[in-house]
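Here is the structure we will look at, set down as structure tokens.
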Amino acid sequence: MQIDRVRGKEMDQFLKAVLALKNMDEAYAFFDDLCTINEVQAFAQRLEVGRMLAAKCTYQKIELETGASTATISRVKRAMQHGNGMYQLTLDRVLDPKRK
């Protein structure tokens, strides 16, 4: 995994902090304190690109609706095809909350 390069105490602390958030308000506040608006928007955009790719939308439609560049769309697509399967897992859980 790519993230193995940054695995360690600080990353563990960060991920534990994310997992400790109890609700949407806490998540908004945490990421508001932690990230710039552009960083948070980039995360949200990538997840939406993933949702649209999973729904078999064209690059043109994704670009038009999300404002994502073709490079971003390609990166997400590559992660979905050759990554750890987490885009699909999290999208399934978000779109169908009974599938936790």
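LYS56 fulfils the conditions (1) charged (D, E, K, R); (2) open to solvent by 100 Å² or more (accessible area, probe 1.4 Å); (3) not in a loop (DSSP other than H, G, I, E, B) except for a single criterion, (3). The set of residues in region 63-87 that are part of a helix (DSSP H, G or I), surrounded by 11 or more Cβ atoms within 10 Å (Cβ to Cβ) and of a type in the set (Gly, Ala, Ser) comprises SER74, ALA79.
For MET52, the conditions (1) in contact (Cβ under 8 Å) with a residue 12 or more places away in the chain; (2) under 10 Å from the mean Cα position of the chain (by Cα) are fulfilled apart from (2). Would a scan of region 19-33 turn up a residue that is open to solvent by less than 70 Å² (accessible area, probe 1.4 Å) and either at pLDDT below 95 or under 18 Å from ILE3 (Cα atoms) (or both)? The answer is no; no qualifying residue exists. What single numbered condition from (1) part of a loop (DSSP other than H, G, I, E, B); (2) in contact (Cβ under 8 Å) with a residue 24 or more places away in the chain fails to hold for THR90? Among (1) part of a loop (DSSP other than H, G, I, E, B); (2) in contact (Cβ under 8 Å) with a residue 24 or more places away in the chain, the lone unmet condition for THR90 is (1).
So which residues in region 34-50 are outside any helix (DSSP H, G or I) and open to solvent by less than 70 Å² (accessible area, probe 1.4 Å)? Talk me through it step by step, then tell me what you get.
The initial filter retains those residues of region 34-50 that are outside any helix (DSSP H, G or I), namely 35-36.
Listed by number, the list holds a single entry, CYS35.
The values are calculated or read from the model by the stated rules, or taken from the named source; none is laboratory data. Only a predicted model underlies this, so the values are computations on that prediction, with no experimental measurement involved. Neighbour counts are summed over all protein chains in view; Cβ atoms, including those assigned to glycine, are modelled from backbone coordinates with ideal geometry. The area values use the complete protein model at the heavy-atom level, side chains included, leaving out ligands, DNA and RNA. Shrake-Rupley method; radii C 1.70, N 1.55, O 1.52, S 1.80 Å.
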